[in-house]
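Notes to accompany the following structure.
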Amino acid sequence: MKITYLGHAALSIEVQGSHLIVDPFISPNELAKDIDINSLKADYILLTHAHQDHIVDVEAIAANTGAKIISNFEIVNHYGAQGIEGHPMNHGGSWKFDFGRVTYTNAIHTSSFPDGSYGGQPGGFLLETEEGNIYIAGDTALTMDMKLIPMQCQIDLAILPIGDNFTMGMDSAVIAADFVECNKVLGYHYDTFGYIMIDHEKAKNTFTKAGKELVLLPIGDSLTL
Ligand code: NI
Ligand code: MN
């Protein structure tokens with residue numbers, strides 16, 4: 001499994017021959033100006049919630065690639081009305097896709113579309129594949145529900161928000177890593193806006209002191225499981 005950081009909370013994941021895009025907010029992100037959304041491959045677009053900083057490039061990527069959306073029922077309906085195909089899920093439910101099994105997990109956050117319309121309840125994704133298992137938390141507070149993840153499967157990587165203010169910050173993310181029983185964390189949802197600027201060294205040290213590894217990928221860089 002190859003995971004590429006596209007800035008903010010956007011990811012590109014190549015697994016079992018499929019290309020997944022997670023929460024595309026690329027074209028308005030000055031920090032991600034070197035990523036060309038027209039060059040992205042996508043079979044599926046996974047959306048954790050409906051906030052603008054997670055969905056801005058959905059229509060463009062879907063139009064370019066014909067990708068299907070995987071998200072909560074309300075978000076899939078929203079895009080379905082525009083003719084974009086999708087697979088609706090809700091919390092706690094799993095589905096076996098061609099690339100692996102996806103579970104829509106709990107998150108504590110909000111999920112309105114930019115126009116204020118209802119975007120269902122926010123979530124995260126647990127991906128179980130033959131190339132490894134990962135947990136993508138989505139925008140969320142630290143939540144006790146994260147303790148349910150290792151009861152369902154052993155994960156190889158936790159992708160956690162660390163920018164604070166709108167989500168948990170680095171100290172809570174260390175506790176989240178304990179809850180999901182995974183010592184390797186890819187941080188996301190930081191630096192994009194003034195409210196979520198972080199000190200990278202401090203963040204990495206916070207994890208190191210707890211015996212864990214925090215990976216902060218330069219935008220466009222990848223890690224392989
Ligand atoms: Ni959000
Ligand atoms: Mn967000």
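The values are calculated or read from the model by the stated rules, or taken from the named source; none is laboratory data. Since we're looking at a predicted model, the values are computed, not measured. Every residue, glycine as well, gets a Cβ built from its backbone with ideal geometry; the counts of neighbours run over all protein chains shown. The area values use the complete protein model at the heavy-atom level, side chains included, leaving out ligands, DNA and RNA. Shrake-Rupley method; radii C 1.70, N 1.55, O 1.52, S 1.80 Å.
Couple of notes before you dig in:
- Close pairs (8 angstrom Cβ cut-off, 6 or more residues apart or separate chains): within 11 Å of A176 (Cα to Cα) in region 139-164, away from ligand 1 (no atom under 14 Å from the Cβ) and acidic (D, E) anywhere: I149/E181
- Of the strands (runs of 3 or more DSSP E) lying entirely inside region 45-113, those containing at least 2 residues that are open to solvent by less than 20 Å² (accessible area, probe 1.4 Å) and in contact with a strand residue (DSSP E or B) (Cβ under 7 Å, 6 or more places away or on another chain) are 68-72, 100-106.
- Identity of the residue in region 150-167, closer than 28 Å to D199 by Cβ and over 14 Å from the mean Cα position of the chain (by Cα), that ends up farthest from ligand 1 (Cβ to nearest atom): D156
- So D164, is it more than 23 Å from K2 (Cα to Cα), touching a strand residue (DSSP E or B) at 6+ places or on another chain (Cβ under 9 Å) and modelled with pLDDT of 95 or more: no
- Listed by first and then second residue, the pairs linking a residue in region 107-119 that is within 13 Å of ligand 2 (Cβ to nearest atom) to a residue that is outside any loop (DSSP other than H, G, I, E, B), with Cβ atoms under 6 Å apart and 6 or more places separating them unless they lie on different chains, are A107/G123; A107/G124; P114/Q52; G119/E74; G119/I75; G119/S112.
- Some residue of region 1-11 being surrounded by 23 or more Cβ atoms within 10 Å (Cβ to Cβ), away from ligand 2 (no atom under 16 Å from the Cβ) and either farther than 26 Å from S112 by Cβ or under 16 Å from the mean Cα position of the chain (by Cα) (or both): yes
- Answer residue from region 16-44, given it is under 23 Å from R101 (Cβ atoms) and within 16 Å of ligand 1 (Cβ to nearest atom) and is surrounded by the fewest Cβ atoms within 10 Å (Cβ to Cβ) among those: V22
- Filter pass, G116 being at positive phi, open to solvent by less than 10 Å² (accessible area, probe 1.4 Å) and modelled with pLDDT of 95 or more: no
- Count of region 46-63 residues which are over 20 Å from E130 (Cα atoms) and within 16 Å of ligand 2 (Cβ to nearest atom): 12
- Residue match in region 150-162 (condition: open to solvent by less than 60 Å² (accessible area, probe 1.4 Å), touching a Cys at 6+ places or on another chain (Cβ under 6 Å) and assigned to a loop (DSSP other than H, G, I, E, B)): yes
- So T129, is it buried (at least 16 other Cβ atoms within 10 Å of the Cβ), hydroxyl-bearing (S, T, Y) and more than 15 Å from A176 (Cβ to Cβ): yes
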